[in-house]
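Asker: This is the structure, below, for whatever I ask next.
Just so you know, all these numbers are worked out from the coordinates, no wet-lab data involved. Computed from a predicted model, the values in this text were never measured in an experiment. All Cβ positions, glycine included, derive from the backbone under ideal geometry; neighbour counts span all protein chains shown.
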Amino acid sequence: MSKTLSEEQFYAGMQHLPKPTYPFPDFMHPDFQQQREEYYNWIDKEYTFHSQGAREKHKQHHLTDIAARGCPFLKTLAELRPLANFTANGAMMDDYWDHCSRNEMYEIANRITAILTGADTAEPTDNGIFHLFWVLRQDAIKCEMPQRLYDKYIASIHNLLIGYAEEKVYYRANTPPPLPVYLIIRQETSGGLPFCKYVAMQKNYRELPDDVLEHPHILRIHSLCAWMIGMHNDFISLPKELHREGDTMNLIKVIQHERKIPVSEAYMEALKTHDSYLDEFMLLHQHLPPFGKLQSTVYDYVQDLGIMVAGVYAWHTHDVSRYVNGGYVEGEYISQKH
């Protein structure tokens, strides 16, 4: 993306288009500033393979605030760390490996999954990205994250990494995917599903058994959350992605490509899609299956899923560094495979 674009060229009049809104209150974890300080240290210590310029930009992005806003009711900083780690490291690794191939991303995904599951117990020494995932596992153990919740969490992270791999096909071809393919991939790459799994770490939701957390009704709500997060990210990042070759995993670009319509019209169609998912979320929240004595707990859990979606979006609306003109970190990894 050119760093010499004027603000008018960068936004191309789109800053005046309507934005998503959510009917949920906004919260922030009280330890967000301390988590930021740890994040700065992660970048200085673990991301030494990144250029100094990239590291300084990442510090300005305050990526751990996404976790602090998405799960503001976690009791301690120790419980926030495994989510903040995934959020920041996941976003920064996505930037770094922007130009890697599908096969390379699968190799990366398999190694990270082995680290997270404990199949590979050796502490990584070759790359800070891998080491931070090793740290994530140690921190999850330290904060006594229940094994069944951890298993759901890392399974969703694995699927996110697979999504990262599959989108490389469309990035390299510089063409948007068909809408059904976009929805499959974006559900994973938005990062919303790992957040949905981690919301169960808050309040008394650890009491919810698997037949609740894995109920089709609840899993559909998880999917809606993931799509809303992916789509509101697409709205925010659109100006940047219109100026970068290969950034094709964006709902507005998908609709524009399929229907051959102007970008502003595609934006409005994409917003309608997002809002239909929000409407469905609200309906499913009000029409939960009967869960007996757990009914009120499940209702509150779904309410906090909505707060999570709104919290992630609140980070976007407060961000003045990542998706602005010249603020994005370009991929520095040079692919060895095609």
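Asker: So if the hydrodynamic radius of the chain is defined as the Kirkwood radius over C-alpha pairs, what does Stokes-Einstein give as its diffusion coefficient at 20 °C and 1.002 mPa s, in µm² per second?
Answerer: For these conditions, the coefficient is 105 µm²/s.
Asker: Mind listing which chymotrypsin sites (Phe, Trp or Tyr not before Pro) in the stretch 24-55 are in a DSSP loop and have 15 or fewer other Cβ atoms within 10 Å?
Answerer: 49
Asker: I've got another one for you. Suppose every K and R has +1 on its Cβ and every D and E has -1 on its Cβ; what is the size of the dipole of the chain about the Cα centre, in Debye to the nearest 20?
Answerer: On the way: 32 positive and 44 negative charges, 32 e Å.
It comes to approximately 160 debye.
Asker: Moving on to the next point. How high is the relative contact order of the stretch 30-318, in percent, with contacts defined as C-alpha pairs under 8 Å that are six or more residues apart?
Answerer: Over the stretch 30-318, the number comes to 20 percent.
Asker: Now a separate question. Mind checking which lysines have their Cα closer than 29 Å to the Cα of residue 260? Skip sequence neighbours fewer than 8 apart in that chain.
Answerer: Reachable lysines: 3, 19, 168, 240, 272.
Asker: Continuing with the same structure: Hey, with R₀ at 41 Å, roughly what FRET efficiency would residue 48 and residue 203 work out to, going by the Cβ-Cβ distance, to 0.05?
Answerer: 0.60
Asker: Related question: Could you give each residue of the stretch 166-176 its phi-based ³J(HN,Hα) in whole Hz, using Karplus coefficients 6.51, -1.76, 1.60 with θ = phi - 60°, and x for Gly or Pro?
Answerer: Coupling constants for the stretch 166-176: 5, 6, 4, 4, 7, 5, 5, 7, 6, 9, x Hz.
Asker: In addition: What spacing in nm lies between the two simple spin-label points modelled at residue 181 and residue 99, each 7 Å away from Cα in the Cβ direction?
Answerer: Those two pseudo-labels are separated by 2.3 nm.
Asker: Taking the stretch 254-283, which trypsin sites (Lys or Arg not before Pro) meet the DSSP loop condition and have no more than 11 other C-beta atoms within 10 Å?
Answerer: Taking the stretch 254-283 and a limit of 11 other Cβ atoms within 10 Å, the loop trypsin sites (Lys or Arg not before Pro) found are 260.
Asker: Each residue of the stretch 256-271 in turn: what ³J(HN,Hα) in whole Hz from Karplus with 6.51, -1.76, 1.60 and θ = phi - 60°, glycine and Pro shown as x?
Answerer: 4, 5, 6, 9, 6, 10, x, 4, 5, 5, 5, 4, 5, 5, 5, 5
Asker: What length, rounded to one decimal in nm, is gained on full extension from residue 318 through to residue 148, with 0.36 nm per residue of separation minus their alpha-carbon distance? If you can, show how the numbers build up before the last one.
Answerer: Numbers: separation 170, 0.36 × 170 = 61.20 nm, distance 3.40 nm.
Result: 57.8 nm gained on full extension.
Asker: To continue, here is another question. Summing +1 for each Lys or Arg and -1 for each Asp or Glu, what net charge is found among the other residues whose Cβ lies under 13 Å from the Cβ of residue 297?
Answerer: 0
Asker: Still on this structure, I have one more. Using +1 at the Cβ of each Lys and Arg and -1 at the Cβ of each Asp and Glu in the chain, identify which of 185, 150, 134 lies farthest towards the dipole's positive end.
Answerer: Going by the Cα projections, it comes out as 185.
Asker: Under the rule that an exposed site lies in a DSSP loop and has at most 13 other Cβ atoms within 10 Å, name the longest stretch of the chain with no GluC sites (Glu not before Pro) of that kind, not counting the sites themselves.
Answerer: Here the longest run is 1-143.
Asker: Using the charge dipole of the stretch 30-318 (Lys, Arg: +1 at Cβ; Asp, Glu: -1 at Cβ; taken about the Cα centre), state which of 48, 118, 218 has its Cα farthest towards the positive end.
Answerer: The residue sitting farthest along the positive end of the dipole is 218.
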